[in-house]
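Read-outs throughout are calculated quantities, based only on the coordinates presented, and are distinct from any laboratory measurement. What you are looking at is a predicted structure, and each value in this text was computed from that prediction instead of being measured. No Cβ is skipped: glycine too gets one built from the backbone with ideal geometry, and neighbour counts run over all protein chains shown.
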Amino acid sequence: MSLNQRVGAGNPGPNQGTATETSGLKKIVAASMVGTVVEWYEFFLYATAASLVFGKFFFPNAGSELDGIIAAFLTYAVGFIARPLGGIVFGHIGDRLGRKHTLQVTIILVGVATFLMGCLPGFNNIGYWAPALLVILRFVQGFAVGGEWGGAVLLVAEHSPNKSRGFWASWPQSAVPVGNLLATLVLLAMSAILPADQFLSWGWRVAFWLSAVIVVIGYYIRTHVSEAPIFLEARAQVEAEKAVSYGVLEVVKRYPKGILGAMGLRFAENILYYTIVSFSIVYLTVVHQYNTSQLLFALLIAHVVHFLVIPQVGRLSDAFGRKPVYLAGAILGATWGFFAFPMFDTLNPVVIVFAITIGLCFHALMYAGQPAIMAEMFPTRMRYSGVSLGYQVTSILAGSLAPIIATALLQQYKSWVPVAIYLVIACAITIVAVVTLKETKGISLRDVDAADAIKHGLEPVAAGR
């Protein structure tokens, strides 16, 4: 009996509800999450360090404190520019060779780049070589992260039951605040223990060096996962039928609307997130000289709540649909700036925690459902490339520029109001994308493959899951 026959119609297939299948799915989720925690710990560690340290350490000759921060955020943006390239390269490799091996490579790359960042001398030691080397390592880091997200979420989504894909696939998303939480926790500990001059000179490096330990653990766990049957079938089909293609060029040719739709969904979510976790630091430390340790502690609490909320929002997307939950997040996200910045201005620690936490809860309404929605947009043979392009290309226009634009607006207008309006515009774009989206709650990924086969005159992979 063929693999297609065993998993196709007449057989419920793997992870459709038994205790053994659920246990196996949990292992897949854990493997995906651990690696994602590692990669985003390192990626967000850079974001926080750019806000607190890098402006002074690598750009001490900037005209003002805000100028130094903007320069640091420009190197931060390099990682976002590299991410689509990583998405293209690793998306092609992942669609051809598999999600598992791709994820093993990305975790090593980002780990090495991050560790070396912690070894860099500052501007006062080697001059312009310091920011130049920082940019190179940031590019490598972003390149690796660009291939990470698609593989991690698809490893789970392609193993998940149709009726609960939103819930299971949201778990890799919840690993992102865990990574951010760990980065914040380490920086909080170092800034609290060390005097300010020692934290700026060497204390921040410890957080980067610690990534080596987490990388080893994450790599080991990822060696013990398996590819989803639906991917193995799609790969066998590509190998058997020379007319069947896969990867970046194919997905751009066949599914341009899917890529644009994914980019529209991503736009507001990405801008909202980096406004909350990066620009909030700038606003509170520069405008109000708010205590760094207290601010990091506020972010710590917010990340914990964010982690807990994301899987529950994933459940909501399975129960009520992808569109209404996502739409609620975009609408509420548009309001955040108008009440959050006045809350920041109170300088009340509890109020500040609430402002950041509410923003991340709004963000979760969009972020949790992304893996399921995007996985359901593309057939298996080009899914990795499709979701990586839609997700990562948007980061150039959205997340990479959000802290820079927000900081520049603050510098120009001396007010938070333009930043709040910026968020409204971003959310309006995403609202349009959501309204035009096709509802895919509960759809079978095999049916997506079958529709693709019919549309392009291919031999369909067995459907019915």
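Computed from the C-beta positions of Ile193 and Lys414, the FRET efficiency with R₀ = 45 Å rounds to 0.80.
Given segment 201-347, report the % of alpha carbon pairs whose separation exceeds 18 Å. Let's see the in-between values first.
Working: 8236 of 10731 pairs.
I get 77 percent for the Cα pairs in segment 201-347 exceeding 18 Å.
Only DSSP H runs of four or more residues enter the estimate; each adds -39500 (n - 2.57), and after division by the residues of the chain the mean residue ellipticity at 222 nm equals -25000 deg cm²/dmol.
Across segment 429-442, coupling constants 3J(HN,Hα) worked out from phi with the 6.51/-1.76/1.60 Karplus curve, θ = phi - 60°, read 5, 5, 4, 4, 4, 5, 4, 7, 6, 7, 6, 10, 3, x Hz, and Gly and Pro carry x. Rg and Dmax over the alpha-carbon atoms of segment 289-379 stand at 15.1, 50 Å. The long axis of helix 65-97 is offset from the longest Cα principal axis of the chain by roughly 10 degrees. Once mean projected area of the Cα convex hull in nm² is calculated for the structure shown, the corresponding label among [x] 33.3; [y] 20.7; [z] 21.8 turns out to be [y].
Placing a pseudo-label 7 Å from each Cα along the Cα-to-Cβ vector at His288 and Ala132 gives an inter-label distance of 4.1 nm. State whether segment 312-465 is rounded, prolate or oblate according to the following rule on the C-alpha gyration tensor (a ≥ b ≥ c being the square roots of its eigenvalues): a/c under 1.5 gives rounded; otherwise a/b larger than b/c gives prolate, and the remaining case gives oblate. Here segment 312-465 falls in the prolate category. Averaging 1/r over each pair of different alpha-carbon atoms in segment 29-153 and inverting the result gives 14.9 Å, the Kirkwood hydrodynamic radius.
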